[in-house]
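Trainee: Please see the structure below; I have some questions.
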Number of protein chains: 2
Amino acid sequence: MKTDFTPYYAVIFTSIQTEDTEGYAEMAEQMENLAKDQTGFISIDSARNAIGITVSYWESLEAIQQWKQHTDHLVAQQKGIKNWYAYYNVKICKVEREYSFEK
Amino acid sequence: MKTDFTPYYAVIFTSIQTEDTEGYAEMAEQMENLAKDQTGFISIDSARNAIGITVSYWESLEAIQQWKQHTDHLVAQQKGIKNWYAYYNVKICKVEREYSFEK
């Protein structure tokens, strides 16, 4: 285990969509781009089949809190609740260690 | 914030596949079923587009370590490195809080 590992945070967003997907893809792209501009943002990964999983990584809990309260993001969250999501779950996690493989 | 929240652990497995997908889907299903049988397993979510994201949830770091070292899982990991994965990253995380929405 590396001793110089600096903990950071992951937000695991898991969702199931409704049948109303109008405007969703555009908003998702817009929010991803906006997230990337925020202080403390590290990276983001997304995939969707029956379930959608988006994991964003942040330097601190403060950065996550600020992103959650961002005005444009609040508008997107309200539209998500009203139209696009049948279900979602948000988990705030501390990344404690990691390892990678690359061919 | 709920005061009765019991922390648990997430393993975020992010991967990019090679062109060799022979046997992959069967193995992935087999490993998911095997994981579900392990002590300390809670749940698992998967989605794949350009990138694959699988997040499994566990009651303890010991349960994660035991699953990592499970004989059949070690065989699958070796095949993954040899054939199926161009890249993967594993992050061990402590889930500190969460919230859900359901329509």
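Trainee: With all protein chains present, how much of the accessible area of region B:58-103 (probe radius 1.4 Å) comes from carbon and sulfur, to the nearest whole percent?
Mentor: Whole-percent figure for carbon plus sulfur exposure: 49.
Trainee: Shortest first and in nm with one decimal, please list how far the B:Asn33 label point sits from its counterparts in the other copies (point 7 Å along Cα→Cβ).
Mentor: 4.5
Trainee: Calculate how large, on average over all directions, the projected area of the Cα convex hull of the protein assembly as shown is; give the answer in nm² to one decimal. Could you put the intermediate results ahead of the total?
Mentor: Details: hull surface 51.0 nm².
Quarter of the Cα hull surface area: 12.7 nm².
Trainee: Which is farthest toward the positive dipole end of chain A among A:Gly23, A:Gly40, A:Tyr88, measuring Cα position about the Cα centre, with Cβ charges +1 (Lys, Arg) and -1 (Asp, Glu)?
Mentor: So the residue we want is A:Tyr88.
Trainee: Further, regarding this structure: Taking R0 as 35 Å, what's the FRET efficiency between B:Tyr87 and A:Asn33 from their Cβ-Cβ distance, rounded to 0.05?
Mentor: Working: r = 24 Å, r/R0 = 0.68.
The computed FRET efficiency comes out at 0.90.
Trainee: Too long at a 29 Å Cα-Cα cut-off: which of A:Lys36/B:Lys91; A:Lys68/B:Lys94; A:Lys79/B:Lys68; A:Lys36/B:Lys79?
Mentor: As for pairs spanning more than 29 Å Cα to Cα, those are A:Lys79/B:Lys68; A:Lys36/B:Lys79.
Trainee: Only helical DSSP H runs with n ≥ 4 go in: add -39500 (n - 2.57) per run for chain A, normalise by residue count and round the 222 nm mean residue ellipticity to 500 deg cm²/dmol.
Mentor: Roughly -8500 deg cm²/dmol at 222 nm, from the helical runs in chain A.
Trainee: Still on this structure, I have one more. Where only protein heavy atoms count, and the probe is 1.4 Å, what is the accessible area per residue for chain A in Å²?
Mentor: 58
Trainee: Please report the buried accessible area for the interface of B with A, total over both chains, probe 1.4 Å, in Å² to the nearest 100.
Mentor: Interface between B and A: roughly 3600 Å².
Trainee: Follow-up question, since we're still on this one. Can you check what the Kirkwood hydrodynamic radius comes to for chain B, Cα pairs only, in Å to one decimal?
Mentor: 14.8
Trainee: Then there is this: Can you give the angle from 0 to 90° between the axis of helix A:24-36 and the longest principal axis of chain A, with both taken from C-alpha atoms, to the nearest 10?
Mentor: Around 30 degrees separate the two axes.
The values are calculated or read from the model by the stated rules, or taken from the named source; none is laboratory data. Since the structure is predicted, the reported quantities are computational estimates derived from the model, not experimental observations. A quick note on method: Cβ atoms are made from the backbone with ideal geometry, for glycine too, and the neighbour counts reach across all protein chains shown. Heads up: the accessible areas ignore ligands, DNA and RNA and are worked out on the full protein's heavy atoms, side chains in. Shrake-Rupley method; radii C 1.70, N 1.55, O 1.52, S 1.80 Å.
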